[in-house]
Amino acid sequence: MTTINISLPDQMKEFVDEEMGGGGYRDPSDYFNALLVDQLKRKAEEKLEALLQEGLATESSAVDKKDWDFIRGELESGGGRDRIINVQQVSCIGKAVTSHGTPNLVAR
């Protein structure tokens, strides 16, 4: 693991201390790790959304508006937040439907 040092104004340091106390973080490192993980998830979701929008904009899209509405609902409800998606490994997104009719994303 790599160590980095950051400088914070006193007011921001006080904020971090308050967040640690109320958020169940062991130390400032734990707090900043959680912030970075959240940011990485947001970036992955943004990238996925951009890829899905790009796919929907093409005539040959395998994912239609109904599928995108389902995916957006999953992300907004938190259902997709626990899944880590490596967007760089997804070269093309297609649609698969399980036996109970729930759309799943598959990499092709």
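The values are calculated or read from the model by the stated rules, or taken from the named source; none is laboratory data. Since this is a predicted model, take the numbers as computed values, not measurements. We place every Cβ from the backbone using ideal geometry, glycine too, and count neighbours over all the protein chains shown. Calculation scope for accessible area: heavy atoms of the full protein, side chains included, ligands and nucleic acids excluded. Shrake-Rupley method; radii C 1.70, N 1.55, O 1.52, S 1.80 Å.
Points worth noting:
- S29 at pLDDT 75 or above and among the small types (G, A, S): yes
- Pairs where the first residue, in region 55-77, is under 21 Å from R42 (Cβ atoms) and of a type in the set (F, W, Y) and the second is in a helix (DSSP H, G or I) and modelled with pLDDT of 80 or more, C-beta under 7 Å, 6+ apart: W68/L52
To keep it simple, each residue is scored yes or no on (1) modelled with pLDDT under 90; (2) in a helix (DSSP H, G or I); (3) open to solvent by less than 60 Å² (accessible area, probe 1.4 Å).
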site	(1), (2), (3)
D17	no, yes, no
V37	no, yes, no
L40	no, yes, no
A44	no, yes, yes
K66	yes, yes, no
I71	yes, yes, yes
L75	yes, yes, yes
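- Number of residues in region 19-35 that are assigned to a helix (DSSP H, G or I) and either touching a Cys at 6+ places or on another chain (Cβ under 8 Å) or surrounded by 10 or more Cβ atoms within 10 Å (Cβ to Cβ) (or both) equals 11.
- Evaluating A50 against the criteria (1) open to solvent by less than 60 Å² (accessible area, probe 1.4 Å); (2) modelled with pLDDT of 85 or more; (3) closer than 30 Å to M1 by Cβ; (4) out of contact with any Pro (no Cβ under 8 Å at 6 or more places or on another chain) leaves one unmet condition, (3).
- Evaluating D82 against the criteria (1) under 18 Å from the mean Cα position of the chain (by Cα); (2) surrounded by 15 or more Cβ atoms within 10 Å (Cβ to Cβ); (3) modelled with pLDDT under 80 leaves one unmet condition, (2).
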